[in-house]
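The values are calculated or read from the model by the stated rules, or taken from the named source; none is laboratory data. Only a predicted model underlies this, so the values are computations on that prediction, with no experimental measurement involved. Counting neighbours? That spans all protein chains shown, and the Cβs are built from the backbone with ideal geometry, glycine included. Quick note on the areas: whole protein, heavy atoms, side chains included, nothing else; ligands and nucleic acids left out. Shrake-Rupley method; radii C 1.70, N 1.55, O 1.52, S 1.80 Å.
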Number of protein chains: 2
Amino acid sequence: MVNQRADVGWQSSKSDSSGVSNSGESSKESSRCSTPVQDADRTDRLRDKMKRRIESGDHWFSLEFFPPRTASGAVNLISRFDRMGSGGPLFIDVTWHPAGDPGSDKETSSMMIASTAVNYCGLESVLHLTCCNQTKEKITAHLNKAKRLGLKNIMALRGDPIGEDWVEEDGGFNYATDLVKHIRCECDDYFDICVAGYPTGHPEAESYDEDLRHLKEKVDAGAHFIVTQLFFRAETFLKFVKDCRAIGITCPILPGIFPIQGYHSLRQLVKLSKLEVPEEIMQVIEPIKDNDAAIRSYGIQQAVEMCKVLLASGEVPGLHFYTLNREVATIEVLRQLGLWAEDPRRPLPWAVSAHPKRKVEDVRPIFWASRPKSYIYRTQDWDDFPNGRWGNSSSPAFGELTDYYLFYLKSKSPKEALLQMWGEELMNEESVYEVFTNYITGQTNPSGHKVMCLPWNDDPLAPETNLLKDELEKVNCRGVLTINSQPNINGKPSSDPIVGWGPAGGYVFQKAYLEFFTSSENVTALLQVLKKYEPRVNYHIVNVQGKNITNAHEMQPNAVTWGIFPGREIIQPTVVDPVSFMYWKDEAFALWIEQWAKLYEDESPSRMIIQYIHDNYFLINLVDNDFPLDSCLWQVIEDMFTLLDSPPETQEEGSQS
Amino acid sequence: MVNQRADVGWQSSKSDSSGVSNSGESSKESSRCSTPVQDADRTDRLRDKMKRRIESGDHWFSLEFFPPRTASGAVNLISRFDRMGSGGPLFIDVTWHPAGDPGSDKETSSMMIASTAVNYCGLESVLHLTCCNQTKEKITAHLNKAKRLGLKNIMALRGDPIGEDWVEEDGGFNYATDLVKHIRCECDDYFDICVAGYPTGHPEAESYDEDLRHLKEKVDAGAHFIVTQLFFRAETFLKFVKDCRAIGITCPILPGIFPIQGYHSLRQLVKLSKLEVPEEIMQVIEPIKDNDAAIRSYGIQQAVEMCKVLLASGEVPGLHFYTLNREVATIEVLRQLGLWAEDPRRPLPWAVSAHPKRKVEDVRPIFWASRPKSYIYRTQDWDDFPNGRWGNSSSPAFGELTDYYLFYLKSKSPKEALLQMWGEELMNEESVYEVFTNYITGQTNPSGHKVMCLPWNDDPLAPETNLLKDELEKVNCRGVLTINSQPNINGKPSSDPIVGWGPAGGYVFQKAYLEFFTSSENVTALLQVLKKYEPRVNYHIVNVQGKNITNAHEMQPNAVTWGIFPGREIIQPTVVDPVSFMYWKDEAFALWIEQWAKLYEDESPSRMIIQYIHDNYFLINLVDNDFPLDSCLWQVIEDMFTLLDSPPETQEEGSQS
């Protein structure tokens, strides 16, 4: 799919690149028809992924985020997950702050952010959990909720005592070890558990050795890997690893990397974590403390140098980044280290959800290509993916169309920006055509603004997916309002940077697809024209009332994206499914009103124009089945315009031919 | 698959060509991933197939056979089913002779022959059943057995009374009507029921009109269509149809066609059926009564002329042929009428079974390509096709390897013929290589006989599938004993006469496949060579003890034949499945002993040579995953020979490269 696709949906974030590039393990998750995996849970665990990457010498990275303070901050963080996920982190983790109601259902809670990362962004995620001053019941409730939401990994921390007068309780949660034990006791082996290590010793520990012993206890209690506090010198960490190994800690130990991003943030962090910044670093940054750019640049260079030493040591399988919810510095460090996946290989054309229940999902309708989060939300109650293998006589039971109230589906643009893009005042239907056309071309509209999104596409047209731009412009300005399309592909290598996906050595294919809104007058001509394209072109034409015209089988899905790979069955991840199209049509029409019409006053001419389109236009999808030939779909539209432009008597003839 | 495939397995017999060529109904049966059909049973019935063909004006034909007297006659009849099935009959029917123990489990019983036609030949079949002198219990037992065996259609007949002293019984089966009623009463709507019509009136009926009324009663009792007794003049039948319609018989009425094939058979038939041969026919054949060829030729011409009149009348949707178990005349008549499917479109690359339980089957392992009956037999207890969708952790539970005892799997050649083909006396392993090579080339062996079959291939190499002959010859004479192969195909039209299958407008694909036996010395070199072809080539190498060497996933099947069609999901009907390969290997190795070694005396040198091969050779399959490129499999074998021919030190180097 190349048109108007949000990057989110297309450039799959991939949290474990090893699954794709080597041993074929990802196959288990990506082939609809594939072998049910005997013991999927075992090989799908974070600890197993680490084990495989360590064995193959394939370094990884992970990213730490903290929950945002506001709902709009949450929307932005989710976008950042999508962007940073595309670089291929092995996992991300979300911190836990007891004062912020972290286990609640609020948009900004740690629980909700981590759940969104797993379910909607497809990221392997680690949820932090602190136990200090908590009851066992409360902790168990958090664990059960995490489990329910599809979270599989916990970072077990003591957390800072609230108030000064904290004293150890007998049988309470005094140390992270108690939490680790509790998790193993309550949830057996369900969660992968991470614990914190302190390369210079925990500030409250009696001694470095005493702290090491505590760490050993945490691991012995059942932790699977260690992430360390940040540090500034590679040798600090390497000594720490050596000391850990010496006392019998054998699990992976991941260094916490903090690229210095500013003078003040560094000072604050150092103060909070009771760390000391080495003299040689202070000497460099003190003189440039007011030059943010210079400090950032130094911070990147310093982190890169240190990471190189760490990786070269052979003691470091992966790097853990304290991102402070920023992306530039971390991505730059990862790029320079060669760890950032510039062209992340996608296991499937869409982002695979990391929820354990969904990991067998390997086919989706094409309609939600730009709204994958909505699709995931509306199908979250399914037991099976696809539900009833598409088109079972019982309908797939999509969830209610309330998704536009969900924070992770909110437009990132405020109302004012949307009005600037889509028009403070619409004159007629043609004004709407112009908005679509400007979105395609990237040109500014009369008021001088670029149209960066549409209700059906929250991101600008991806630059590398502009293959169809000229054709799209031509038809949109005449009222064929495209919202989704893909070109035909006849066997490109699975490694193709634009259209490739799936394991190495395979070939991917697509049937050309085009989806658009257009007026009922156009539909009349289109139907006339489509007769000439039988049976090459399949179509579904529907209006908001559900009037449905099609030449396709009423239940049979049409596979429009598939891949052939060495040693496995065919994978067909994208289909045009007649049944789910009826659900999508409700959503697609509703977006006219919910996201566009409601920007304007009730009864205003602008609002009535959008309402008119909503009430009278049709939503059409076209598939060109003859994938080895050049797509005929543009010719279909061209023929429709030609018929519309011809004198009435010619049209009559046309209808008889 | 083109090599050494028995025609049976490859040139699918197709009993309902309408299902492939038009409305797309066959899709329901042929896509593994396709929509489960809501009401498959309803549209899959013979009556529904007739209805569709009548509506589309698509004339059909059907073929009547009688059960053979001997087991070898049964083997020949089954081969004839396969051959005549490929012409596209809508159904075949098998007659019922109470004196011949027709409901028994004997190889020659009507029940077993009809069951074989359905289950192993994939033919829609109608089982005759007569009720005269039968108890209700006996009839019900027959019906239940027929149901169990997958039979769905019954031709309900009174049958000839046994003995002279038959009298009507009160409440007994006095007429076919009673049988129709009984079937409907016992089995509700399960069976499609056919009854017999007599264009000149039943010989025992009081009058023509009386007989018509009886026919009306049979139809009213629940029959779905009528097949008539043979006749010699088109107008006889057309008047009969008119008279039937006049008294309210509305169901299809199929004329029984009898191409005259000899003077004596005609006289006998006429005597038995109490018919009169018209004067104009007797005048022609009396003078040539000793010239069989002339009579056959006349019979064909006469039948063609009559059928043309019948079809042109618009009253005849299909023709029913009394074949007398011969094929030449009927096929010739059908050819001249244009009803014989010269290039039958195959819904799948292999013959789809007509058993209702198997109709959803849409994928099979490639290994049984030449032994589809064995595959069907060994999987007959499966509830699902494939069982557990391949590679479920529970093994597919293939039936025991006793299939070579089954009559429909017996070699059509007697022991003497096999010895002539495969050698009265084998000198060494090379003698065996020669047998394989002669099978490939079609040349005569030293004793002057052609090798028409091998234990793994009961039919000669199909002439149109000789694409790989040169390569096959070259490798077989050096001890790479091929038993199955297919070339790569990169998107040929589904209508391709050689490799095409499935609905119109699609494209079919194949990965190159090669399967062979070879010595352990060759395997050592082959493994060396295969390293160069990673990951392009997947292999499984196994000996009779089950020593198994592979670079493929242990559970994941590799799709090697697939098709892309308009408006539907991908169909992938042939796979190389690691699990079922282990079952196939037992069968493939056993055939060395059961079919070949046992031709020779115990302890004889010939027998020991075959036994040696059985004990020491490996069975290998190779898949070239890179289907768009020319197959590299021949190069792999070539490289193996080169390595074997090179001096030992070079081999050493090879192993280190």
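Tell me the carbon and sulfur percent of the accessible area for segment B:279-322, rounded to whole percent, probe radius 1.4 Å.
The C+S portion of the solvent-accessible surface of segment B:279-322 is 49 percent.
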(message) Classify segment B:420-549 from the C-alpha gyration tensor, please: rounded if a/c falls under 1.5, else prolate or oblate depending on whether a/b exceeds b/c.
(response) oblate
(request) Working with all protein chains in place, sort B:TYR513, A:TYR612, B:TYR208, B:TYR322 by solvent-accessible area computed with a 1.4 Å probe, largest first. (result) A:TYR612, B:TYR208, B:TYR322, B:TYR513
(request) Return the carbon/sulfur percentage of the accessible area of segment A:482-601, one whole number, probe 1.4 Å, all protein chains in place. (result) 52
(request) Taking all protein chains together and a probe of 1.4 Å, list A:ASP82, B:ASP586, A:ASP209 from the most accessible to the least accessible. (result) A:ASP209, B:ASP586, A:ASP82
(request) With a Förster radius of 60 Å, plug the Cβ-Cβ distance of B:LEU644 and A:LEU629 into 1/(1 + (r/R0)^6) and report the FRET value to the nearest 0.05. (result) 0.80
(message) Once you order the gyration tensor axes a ≥ b ≥ c over the Cα atoms, which shape class does segment B:522-657 get: rounded for a/c under 1.5, otherwise prolate or oblate by comparing a/b with b/c?
(response) oblate
(message) Net charge within 10 Å of B:ALA588 by Cβ-Cβ distance, Lys/Arg positive one each and Asp/Glu negative one each, not counting B:ALA588 itself?
(response) -1
(message) Am I reading the A/B interface right? What is its buried accessible area, both sides, 1.4 Å probe, to the nearest 100 Å²?
(response) 3400
(message) Please report the antiparallel percentage of DSSP beta bridges with both residues in the protein assembly as shown, rounded to the nearest 5.
(response) 55
(request) Report the full-extension gain for the segment B:ASP189 to B:ARG536: residue separation times 0.36 nm, less the Cα-Cα distance, to one decimal in nm. (result) 119.6 nm
(message) For A:CYS477, A:CYS244, give me the order by solvent-accessible area with a 1.4 Å probe, most accessible first, ignoring ligands, DNA and RNA.
(response) A:CYS477, A:CYS244
(message) Rounding to the nearest 10 and keeping the result within 0 to 90°, find how far the Cα-based axis of helix A:234-246 lies from the longest principal axis of chain A.
(response) 70
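Please give the FRET efficiency for B:ASN616 paired with B:ILE498, using the beta carbon to beta carbon distance and R0 = 25 Å, rounded to the nearest 0.05.
Working: r = 37 Å, r/R0 = 1.47.
Efficiency computed from Cβ-Cβ geometry: 0.10.
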(request) Using R₀ = 45 Å, calculate the FRET efficiency as 1/(1 + (r/R₀)^6) where r is the Cβ-Cβ separation of B:ARG245 and A:LYS474; round to 0.05. (result) 0.15
(request) For segment B:610-615, take each phi angle, set θ = phi - 60°, evaluate the Karplus expression 6.51 cos²θ - 1.76 cosθ + 1.60, and give the result in whole Hz per residue in order, putting x for glycine and proline. (result) 5, 4, 4, 4, 4, 7
(request) Could you look at segment B:159-276 and say what percent of its accessible area is carbon and sulfur, using a 1.4 Å probe and all protein chains? (result) 47
(request) Compare each residue of segment A:554-576 in its chain alone against the assembly with all protein chains, and report those whose accessible area goes down by 40 Å² or more; 1.4 Å probe, heavy atoms. (result) A:GLN556, A:ILE564, A:PRO566, A:GLY567, A:ARG568, A:GLU569, A:ILE570, A:GLN572
(request) Grab the other residues whose beta carbon is less than 15 angstrom from that of B:VAL537, score K and R as +1, D and E as -1, and report the net. (result) -2
(message) Students often forget the sequence filter, so: which lysines lie under 18 Å Cα-Cα from A:LYS585 once same-chain residues fewer than 8 apart are removed?
(response) A:LYS373, A:LYS547
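In the neighborhood of B:PHE231, defined by Cβ-to-Cβ distances under 11 Å, what is the net charge if each Lys or Arg adds +1 and each Asp or Glu adds -1? Write out the running numbers ahead of the final one.
On the way: positive: B:ARG233, B:LYS239; negative: B:GLU235, B:GLU276.
Taking every Cβ under 11 Å from that of B:PHE231, the sum is 0.
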(message) Using 25 Å as the Cα-Cα cut-off, could you pick out the over-long pairs in B:LYS147/B:LYS359; A:LYS308/A:LYS492; B:LYS106/B:LYS412; A:LYS218/A:LYS239; B:LYS145/B:LYS359?
(response) A:LYS308/A:LYS492
(message) Taking the solvent-accessible surface of protein heavy atoms with a 1.4 Å probe, what is the per residue accessible area of chain B in Å²?
(response) 39
(request) Output, in nm with one decimal and in ascending order, the distances from the A:GLU430 label point to the matching label points of the other copies (7 Å from Cα along Cα-to-Cβ). (result) 9.0
(request) Under 12 Å from a label point 7 Å along Cα→Cβ of B:LYS51: give me every residue in segment B:229-247 with its amide N that close. (result) none
(request) Only loop residues by DSSP count here, and only those with at most 14 other Cβ atoms within 10 Å; note down the GluC sites (Glu not before Pro) in segment B:556-615 that meet that. (result) B:GLU601, B:GLU603
(request) Give me the angle, in degrees from 0 to 90, between the Cα long axis of helix B:263-273 and the longest principal axis of the Cα atoms of chain B, rounded to the nearest 10. (result) 60
(message) Just to confirm the number: angle between the C-alpha axis of helix B:578-591 and the first principal axis of chain B, 0 to 90 degrees, nearest 10?
(response) 80
(message) Testing the spin-label approximation: label points 7 Å from Cα along Cα→Cβ at B:ARG326 and A:ILE549. State their distance in nm.
(response) 5.9
